[in-house]
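We did not get these values from a lab; they are worked out from the coordinates using the rules stated. Since we're looking at a predicted model, the values are computed, not measured. FYI the Cβ positions are ideal-geometry reconstructions off the backbone, even for glycines, and counts take in every protein chain you see.
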Amino acid sequence: AEAPRAPRSVVSTSLSLSLSLTLPRPRRVMSVARALARPRGSVRCSRFGRNRSRGGLAAAAREPARSSAPRGRGGTDEDGVQPAARSVRARAYAPPETGVLRPHESFPEAKSRRERESAQVEARVVEVETLEALNEQLAAAGDSTLVVVEIESMEVCEASDTGEPLPEEFWRPTKEERMQPCGQLRHTLQRCARNCPDARFVSLDATSARGAEVAAALGVRKLPTLRFYRGGRLLWAHEGFTNSATELGQGVLYYGEGSADAVVTQLRDLADLDAFLARAEPGQLCVVDVSLTNDARCINMYPAVVSLAKAMRAKGAGQATFARLIGDRDESSREAMANLSVYAVPAFLFFRDGRKVGEYLGSSRADLLGKVLEMQGADGIFGSRMRT
């Protein structure tokens, strides 16, 4: 006859004693013993602090989660459901196509919003396949509108030639992981297209043979490549995915004619400079950013100039005012740059009451901020505010 089986508790105890001879950690022994003593088909869910059947996240979301807030005092929302349980339920039942829900937004509203945003992106980003179609887009933009052209491939995602060790993305094992930086650049381009109505956006897919021929005709060496045009002329290009999303935003800000022009006056010649200095209040500091069209350091410094201009304007009257002169735009701008004796860029010239009182040559945002604060404090504006 078969010998009677020992109770489960006896088996667990003897097993834990035998494991204690080989496993030095008591916590691991207790974990094994508890797992064997637990009824079959149950799972420990630390998020909810109790044993639940294997029903997945949806089954766990059907029961309200514990909350540290007292009942009746913010522990539940208007539907009587605790916030923790609602967040888990949302993740369990949210349709994947709706994306991230905004506050007070239902799933149908989120889906409708995403569809509208996708339609806006499709209308703003023009896809071309031939060199003739690209030239038509450049001609339609005219002489003043910025055109951003992204040349990409669904098969290749290359790093930029920075002279530094290859980034981590280059050594990723799978193709999907290696293509991830290019996907992020594509999303950044879509956001820029949706939020920058003053520029045109064009996309060229170099995956096909026809697209590869167009990329070769343009002299593209790496994919993806960003190219900025105005008046049919190439202003600047960035090759490879390294820092491509940042370069895209800085390029649109630097070459575009959008909100930055409201806080940074654009100068074209000496007459514009004289008018800018004449509009300044007595004793007000005037900062003139002298740059070149395709200099990477000038492009990198311009967001700091815009941020400083916005901060100074928000402080009120008497603060510094900013202007920018691109010295190689045309013959008038070259003459103005030579008249100001600027031979290196980026250069920042400081004026007060129509006279030049200082300058900063360099591409350090921190040093520029320190110089502006130093020159601004020379007339006692910052000093008086700090004393009060």
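Annotation for Val156 and Ala217: the two label points, set 7 Å from Cα along the Cα-Cβ direction, are 1.8 nm apart. Backbone amide hydrogens, once placed in the peptide plane, bring Arg324 within less than 5 Å of Thr265, Gln266, Leu267, Asp289, excluding anything fewer than 5 places away on its chain. Applying 1/(1 + (r/R0)^6) with r as the Cβ-Cβ distance of Ser341 and Glu177 and R0 = 56 angstrom yields a FRET efficiency of 0.60. Loop-located chymotrypsin sites (Phe, Trp or Tyr not before Pro) in the range 265-362 (DSSP state not H, G, I, E or B) with no more than 11 neighbouring Cβ atoms inside 10 Å: Tyr343. Taking a Cβ cut-off of under 14 Å around Ala304, the surrounding Lys, Arg, Asp and Glu residues balance to a net charge of +3, with basic ones at +1 and acidic ones at -1. Between Ala123 and Asn195, the FRET efficiency from the beta-carbon distance, with R0 = 22 Å, is close to 0.95. The loop-placed GluC sites (Glu not before Pro) in the range 194-292, going by DSSP, that have at most 14 neighbouring Cβ atoms within 10 Å of their Cβ come out as Glu257. Length gained on full extension, Gln266 to Arg355, computed as 0.36 nm times the residue gap minus the Cα-Cα distance: 30.1 nm. Summing +1 for each Lys or Arg and -1 for each Asp or Glu among the other residues whose beta-carbon sits under 15 angstrom from that of Ala262 gives +1. For the listed peptides 187-195, 144-152, a ranking on the average number of other beta carbons within 10 Å per residue, highest first, reads 144-152, 187-195.
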